Amino acid sequence: MSSQQVLFHPDQWLDMKVSEVVQLMYEAGAGKLQMQLCTKDGQPMFALVLIQGEDTQALLDAMEAKANALEAVAAAGGAA
């Protein structure tokens, strides 16, 4: 699987740093990327990444599908 194809499989992002995912988005030609990392006591809490570009909707759809799958697993009492 090419590095750009990884963008459309958010389950693989769990083993990646946010900066690596953002770099892949940039390499894929996302029109605009902006990232804000929130930390507490030096530990990352979350990252907010704003994207704009040709594949934005496809990326959002892939992330939503993965989020829904994780929620379904959590509701069933399992782990992803």
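A few points about this structure:
- When segment 1-25 is filtered for residues that are within 15 Å of residue 64 (Cα to Cα), modelled with pLDDT of 75 or more and of a type outside the set (A, V, I, L, M, F, W, C), the ones remaining, listed by number, are 9, 12.
- Filter pass, residue 35 being modelled with pLDDT under 75 and either assigned to a loop (DSSP other than H, G, I, E, B) or among the acidic types (Asp, Glu) (or both): no
- Residue 57 at pLDDT 80 or above and open to solvent by 90 Å² or more (accessible area, probe 1.4 Å): yes
The values are calculated or read from the model by the stated rules, or taken from the named source; none is laboratory data. On a predicted model such as this, the values are computed, not experimentally measured, just so you know. We work out accessible area using only protein heavy atoms, side chains counted, and drop any ligands, DNA or RNA first. Shrake-Rupley method; radii C 1.70, N 1.55, O 1.52, S 1.80 Å.
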